[in-house]
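Take a look at the structure set out below.
Read-outs: derived from the displayed coordinates by stated rules, not from any lab. Keep in mind it's a predicted model, so treat the numbers as computed, not measured. With ideal geometry, Cβ positions are generated from the backbone for all residues, glycine too; neighbour counts draw on all protein chains shown.
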Amino acid sequence: MAGLNLIYKGAEAELYRGKWLGFDVVFKRRVAKAYRNPDLDRYIRVTRTSLEAKLLSDARRLGVPTPIVYMVDSVRTEIAMSYIDGQPLKKLVPAMDHDAVIQAFIAVGEAVGMLHAGGMVHGDLTTSNIIVKDGAIFLIDMGLGEYTPSVEARGVDLHLMRRALESSHFDSSVSAYAGFTKGYSDVMGAEARLVLNRVGDIRRRGRYVDGGRCMLE
């Protein structure tokens, strides 16, 4: 991929920064898995590429801040989307004061609320998948997202965020989650209570896995 700079190499995809029709973009290419049946592998990569592009575009139409999708290539299982020239929220939280944390996560909660109200879930909601540019937040990487109004799926999104806060931002986790749930509730209204109650159920279930071995969260 001449002229492109590799900026991230993950288990499922590689990200390259480059130009597309004059736009500063990120190319997200899903890589083949040798351990999978070739036909199945191809199906999974094409399906996930198409779904992610549609989720990003539909979310943006709802007002959720996401990258702009410029191109989808099913042959190369690749998406070209706008490059967000900011920093991951994960890197910024440690330097934020109490009020800044609350305000940032109110904005995150509002964005997730809009996403859920529109019938979508993110699927991998962590502070690594939120970019901050000029004080505005952007949700990125919806490769595990889906279209569903399920309370369970929505609860899993919030549970993932809460776990990310507790594991990566412990000192700010209470304030951050309070801000997040406020923003989420402001958008979701009465439905928010059902989802927040489900988060509690998911957390309780998650403490007992692997044949009953207790997992502390």
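Based on Cα contacts under 8 Å between residues 6+ apart, region 5-82 shows a relative contact order of 27 percent. With viscosity 1.306 mPa s and temperature 10 °C, the Kirkwood radius over alpha carbon pairs of region 20-60 converts through Stokes-Einstein to a diffusion coefficient of 133 µm²/s. Compared with the dominant principal axis of the Cα atoms in the chain, helix 173-188 is inclined by about 80°. Here is the P(r) of region 122-193: all C-alpha pair distances, binned every 10 Å from 0, give 18, 51, 30, 1 in whole percents.
Distances between placed amide hydrogens fall under 5 Å for TRP20 paired with VAL25, all partners being 5 or more residues away or on another chain.
Computed over the chain, the range of Cα coordinates on each principal axis works out to 46, 45, 29 Å, biggest value leading. In a simple Cβ point-charge model (Lys, Arg +1; Asp, Glu -1; nothing else charged), region 86-146 has a dipole of about 120 debye relative to its Cα centre.
The stretch between ASP99 and VAL46 holds 14.8 nm of extra length on full extension. This uses 0.36 nm per residue minus the Cα-Cα distance. Our summary gives the chain a relative contact order of 18 percent, counting only alpha carbon pairs under 8 angstrom and 6 or more residues apart. Quick check on region 5-82: take the gyration tensor over C-alpha atoms, sort the square-rooted eigenvalues as a ≥ b ≥ c, and tell me if it's rounded (a/c under 1.5), prolate or oblate. In terms of gyration-tensor shape, oblate.
Between 0 and 90 degrees, the angle of helix 38-61 with respect to the longest Cα principal axis of the chain falls at about 60 degrees.
Once you sort the root eigenvalues of the Cα gyration tensor of region 78-162 as a ≥ b ≥ c, which label holds: rounded (a/c under 1.5), prolate (a/b larger than b/c) or oblate (the other case)? Cα axes put region 78-162 in the oblate bin. If you wrap the Cα atoms of region 87-214 in a convex hull and average its projected area over all directions, you get 7.9 nm².
Axis of helix 191-206 versus longest Cα principal axis of the chain: the two differ by about 90°, to the nearest ten degrees.
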